[in-house]
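A.B. asks: Here it is, the structure, as structure tokens.
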Amino acid sequence: MRLEVDWTRCDGHGLCAQLLPEAIWLDEHGFPVLREREMGEGFAELRDARRAVAACPVLALRLERSTAHAR
Ligand code: SF4
């Protein structure tokens, strides 16, 4: 699983970075920067990522299956 941001929705208030600081940072403008590493099913981090997704006030953050973004 991998975190993705819909930039057309994100308002840059940074709630996601507060909830998941190990995977999301804020840039100098307050917009999220996502860590590239995958999140494995069953890890506590994935549970926390789901919480961050649910907490995004504009539904800009989502978890996507990594295979959809294979290069
Ligand atoms: S919580 Fe949602 S709107 Fe706020 S910075 Fe994160 S992705 Fe953007």
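A.B. asks: Restricting the first residue to the range 40-59 and requiring it to be away from the ligand (no atom under 11 Å from the Cβ), which pairs with a second residue that is in a helix (DSSP H, G or I) meet a Cβ separation below 8 Å and a spacing of at least six or different chains?
C.D. replies: GLY40/LEU46; ASP48/LEU19; ARG51/LEU19
A.B. asks: Can you tell me how many residues in the range 1-32 are more than 9 Å from the ligand (Cβ to nearest atom), open to solvent by 70 Å² or more (accessible area, probe 1.4 Å) and not aromatic (Phe, Trp, Tyr)?
C.D. replies: 5
A.B. asks: Something else: Filter the range 16-39 down to the residues that are touching a residue at least 24 places away in the same chain (Cβ under 8 Å) and touching a helix residue (DSSP H, G or I) at 6+ places or on another chain (Cβ under 6 Å) and list them by number.
C.D. replies: Residues satisfying the conditions are CYS16, LEU19, LEU20, ILE24, PRO32, GLU38, MET39.
A.B. asks: Conditions first: (1) more than 14 Å from SER66 (Cβ to Cβ); (2) open to solvent by less than 70 Å² (accessible area, probe 1.4 Å). ARG47 passes all but one, so which condition is the exception?
C.D. replies: Condition not satisfied by ARG47: (2).
A.B. asks: Okay, next question. For the range 63-70, indicate whether the set of residues that are under 11 Å from the mean Cα position of the chain (by Cα), assigned to a loop (DSSP other than H, G, I, E, B) and either surrounded by 11 or more Cβ atoms within 10 Å (Cβ to Cβ) or of a type in the set (Asp, Glu) (or both) is non-empty.
C.D. replies: no
The values are calculated or read from the model by the stated rules, or taken from the named source; none is laboratory data. Computed from a prediction, not measured in an experiment: that's the story for all the values here. Note that we place each Cβ from the backbone using ideal geometry, even for glycine, and neighbour counts take in every protein chain shown. For the accessible areas, the whole protein counts, side chains as well, though only heavy atoms, and no ligand, DNA or RNA atoms are used. Shrake-Rupley method; radii C 1.70, N 1.55, O 1.52, S 1.80 Å.
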